[in-house]
Amino acid sequence: MAFLDVGQGDAALVTTPHGQQVLVDGGPSPSALTSALGQQMPFWDRSLDLVVMTHPDADHITGLVEVLDRYRVDGWLDNGRPDADAVYDQCMARLEEGAVTRQVVRAGDRLELGSGIVLEVLHPGSELVAATDADANNNSLVLRLAWGQASFLFTADIEAEAEHLLLASGQPLPSGVLKVAHHGSAGSSSAEFLAAVDPAYAVISVGADNRFGVGEDTYRKQINVRVDHNFSDAHRLHGSWSWERDDADNNFFQTPDGYGGIISGSP
Ligand SMILES: [Zn+2]
């Protein structure tokens, strides 16, 4: 599992022990994404088993056009909500040209990735969210990856409305690692939602010099206040964040500058 260093946006690569590769979003920059993928994948590997487009915002999908041009993509997941965005159109055109299998998924759908690893879709439900201030964000695909003792919640850019729906849905939210929604911005990560997810670690993907003029420290403090355990050692990362499992089934993470920790031990 690697949260990729793509600047102000989101991209994560899941690589299972049997070599299944799933890319969740592609960040805002084709060059940043291909360079980050190049660090995670062998140079000869030019294929991805699955690409997930959580929602069609530029900071999540701009890199995906390049991925569809340069890699063989075997499958594609999205929420089925059309968008007027030009980059979205480019992605859809390439899916058609490349005869990529596209699947629209909703809450309740589950994908088995092998090795006992399951990717569960938690949101949106069968009815898309409408009439919120940010419908595109609130319809983001929310995914929970259950991998042995470790679990990861990918919240894309959902805001408070979608968080309330997730809480009300009764689906299991507790996860060891939370990819914090909407780059840590104040409209997401309500106290109730963070309490339900109860993560040991929270990852905020944000550009070092982001256009919103808010420093990483501010984002981190907001989350730090709300995730009150194990998060006192908030750490600024430069480069991709990766998670691995060792021979003794310990789950640990490591950053390029040597910071790391155990997510959970063997059962
Ligand atoms: Zn975003």
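The values are calculated or read from the model by the stated rules, or taken from the named source; none is laboratory data. Nothing here was measured: the structure is a model prediction, and the numbers come from that model. In this analysis, Cβ positions are derived from the backbone assuming ideal geometry, glycine residues included, and neighbour counts consider all displayed protein chains.
Residues that are surrounded by 24 or more Cβ atoms within 10 Å (Cβ to Cβ) and either among the aliphatic types (A, V, I, L, M) or away from the ligand (no atom under 16 Å from the Cβ) (or both) within the range 152-163 comprise F152, L153, A156, I158, A162, listed in sequence order. Cβ-Cβ contacts under 6 Å between residues 6 or more apart (or on different chains), taken from a first residue in the range 196-214 that is under 15 Å from A156 (Cα atoms) and in a loop (DSSP other than H, G, I, E, B) to a second residue that is among the aliphatic types (A, V, I, L, M) and at pLDDT 75 or above, are listed as I204/V180. Condition check for L178 on (1) assigned to a helix (DSSP H, G or I); (2) closer than 18 Å to A12 by Cβ; (3) not small (G, A, S): one failure, at (1). If the condition is being within 16 Å of the ligand (Cβ to nearest atom), surrounded by fewer than 21 Cβ atoms within 10 Å (Cβ to Cβ) and farther than 16 Å from G27 by Cα, then the range 173-208 contributes S185, A186, G187.
Consider L166 carefully, then state whether it is surrounded by 21 or more Cβ atoms within 10 Å (Cβ to Cβ) and away from the ligand (no atom under 16 Å from the Cβ). The answer is yes for L166.
Just to verify a result, which residue in the range 1-56, among those that are of a type in the set (F, W, Y) and under 24 Å from S115 (Cβ atoms), is farthest from the ligand (Cβ to nearest atom)? Restricting to residues being of a type in the set (F, W, Y) and under 24 Å from S115 (Cβ atoms), the top hit is W44.
Scanning the range 20-31 for any residue that is touching a His at 6+ places or on another chain (Cβ under 6 Å) and crowded, with 23+ Cβ neighbours inside 10 Å turns up at least one such residue. Could you tell me whether S126 is polar (S, T, N, Q) and within 21 Å of P17 (Cα to Cα)? Criteria not met by S126. The residue pairs whose first member lies in the range 107-130 and is surrounded by fewer than 13 Cβ atoms within 10 Å (Cβ to Cβ), whose second member is basic (K, R), and whose beta carbons are closer than 8 Å, counting only pairs six or more residues apart or on different chains, are S126/R106. The residues listed here are D78, D59; of these, the one that is modelled with pLDDT under 95 and within 16 Å of the ligand (Cβ to nearest atom) is D59.
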